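Heads up, the thing below is written out as structure tokens.
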Amino acid sequence: MLDTIAFKLAMALLIGACIGVERELRSKSAGFRTMILISVGACLFTVFSYLLGAPSSHDRIAANIVVGIGFLGAGVIFRGDNGVSGITTAASIWLTAALGMGIGGGFYQEAIFGTILVLAVLILFSSFDTVLDRINQVREYKIAYPYEENGQHKYEDLITQFGLSIKSRSQNKQGNIITGRWTVTGSEQKHHAFIEHILKDNAVTAFTF
């Protein structure tokens with residue numbers, strides 16, 4: 001039995017390492033060592049659940065793995081200025097734990113095939129993310145300019161004229177300077193055209209993008 005458990009742990013380590021390398025190369029918060037520990041931990045909990053549980057409740061301990069992994073996943077998700085980040089990493093943690101459980105339960109072929117699918121999504125499908133990002137980017141612009149009568153909507157109108165969509169907006173006035181903040185979506189090309197136009201606008205006193 002010890003040989004079988006050692007084999008399961010070695011497999012869990014290898015699978016966690018494969019996913020962890022991909023995450024580490026992308027400088028994600030949950031990287032190489034984290035994914036190994038998650039996979040091995042899930043495998044161990046599954047093995048112990050079978051060994052320590054009553055004949056009718058072998059899954060009692062293993063069933064709580066999902067709850068624990070939920071806390072880990074929530075820890076890498078955070079909300080930034082342009083939306084929510086870390087969801088892919090959280091999903092990777094969730095799936096790595098599932099693969100570790102599969103190995104602990106003796107479902108080796110299923111776990112290997114699942115690992116291949118996870119790596120395919122993380123590596124091969126990343127090119128689709130790049131294409132989609134070029135089609136629809138989210139950016140935040142901060143533009144400061146002198147106050148003019150009836151001119152406070154000038155730059156907001158410019159954003160829409162360049163084919164961009166405004167998701168949120170705020171403006172404040174300090175002295176004679178208006179500072180506007182806009183969260184904007186649109187294609188990469190439209191963003192670049194808008195930025196070039198603002199950079200050439202002599203009326204703008206400060207521009208953050």
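Across segment 177-184, not a single residue is classified as under 30 Å from ARG60 (Cα atoms), surrounded by fewer than 15 Cβ atoms within 10 Å (Cβ to Cβ) and more than 27 Å from the chain's Cα centre (by Cα).
Listed here are the residues, each with its yes/no results for (1) in contact with an Asp or Glu (Cβ under 9 Å, 6 or more places away or on another chain); (2) within 17 Å of ILE93 (Cα to Cα); (3) polar (S, T, N, Q).
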{"position": "PHE7", "(1), (2), (3)": "no, no, no"}
{"position": "ALA10", "(1), (2), (3)": "no, no, no"}
{"position": "LEU14", "(1), (2), (3)": "no, yes, no"}
{"position": "CYS18", "(1), (2), (3)": "no, yes, no"}
{"position": "GLU24", "(1), (2), (3)": "no, yes, no"}
{"position": "MET35", "(1), (2), (3)": "yes, yes, no"}
{"position": "GLY41", "(1), (2), (3)": "no, yes, no"}
{"position": "LEU44", "(1), (2), (3)": "no, yes, no"}
{"position": "VAL47", "(1), (2), (3)": "no, no, no"}
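Examine segment 147-160 for a residue that is of a type in the set (Phe, Trp, Tyr), touching a residue at least 24 places away in the same chain (Cβ under 8 Å), out of contact with any helix residue (DSSP H, G or I) (no Cβ under 6 Å at 6 or more places or on another chain) and assigned to a helix (DSSP H, G or I), and state whether such a residue exists. Yes, the conditions are met somewhere in segment 147-160.
Which of the residues spanning segment 10-21 are out of contact with any Cys (no Cβ under 6 Å at 6 or more places or on another chain) and under 15 Å from THR46 (Cα atoms)? If you could, list the steps in order and put the result at the bottom.
Initially, segment 10-21 is screened for residues out of contact with any Cys (no Cβ under 6 Å at 6 or more places or on another chain), giving 10-11, 13-21.
Within segment 10-21, ALA10, MET11, LEU13 meet the criteria.
None of LYS167, LYS173 is at pLDDT 90 or above, in a strand (DSSP E or B), outside the structural domain of ARG79 (by TED's automatic domain parsing) and surrounded by fewer than 16 Cβ atoms within 10 Å (Cβ to Cβ) except LYS167. Just one of (1) surrounded by 13 or more Cβ atoms within 10 Å (Cβ to Cβ); (2) out of contact with any Lys or Arg (no Cβ under 9 Å at 6 or more places or on another chain) fails for GLU188. It is (2). Yes or no: ASP81 in the same structural domain as LEU9 (by TED's automatic domain parsing), modelled with pLDDT under 90, closer than 20 Å to TYR108 by Cβ and not hydroxyl-bearing (Ser, Thr, Tyr)? No: the conditions fail for ASP81.
Only one residue in VAL131, VAL84, VAL138 is surrounded by fewer than 19 Cβ atoms within 10 Å (Cβ to Cβ), of a type outside the set (Ser, Thr, Tyr), under 30 Å from LEU199 (Cα atoms) and under 14 Å from the mean Cα position of the chain (by Cα). Which one? Before the answer, list the steps.
Details: VAL131 fails: under 14 Å from the mean Cα position of the chain (by Cα); VAL138 fails: under 14 Å from the mean Cα position of the chain (by Cα).
Step by step, each of VAL131, VAL84, VAL138 is checked, and only VAL84 is surrounded by fewer than 19 Cβ atoms within 10 Å (Cβ to Cβ), of a type outside the set (Ser, Thr, Tyr), under 30 Å from LEU199 (Cα atoms) and under 14 Å from the mean Cα position of the chain (by Cα).
Scanning segment 105-128 for residues that are over 17 Å from the mean Cα position of the chain (by Cα) and not in a helix (DSSP H, G or I) yields GLY105, GLY106, PHE107.
The values are calculated or read from the model by the stated rules, or taken from the named source; none is laboratory data. What you are looking at is a predicted structure, and each value in this text was computed from that prediction instead of being measured. When we count neighbours, we look across all protein chains shown, and the Cβ atoms used for this are built from the backbone with ideal geometry, even at glycine.
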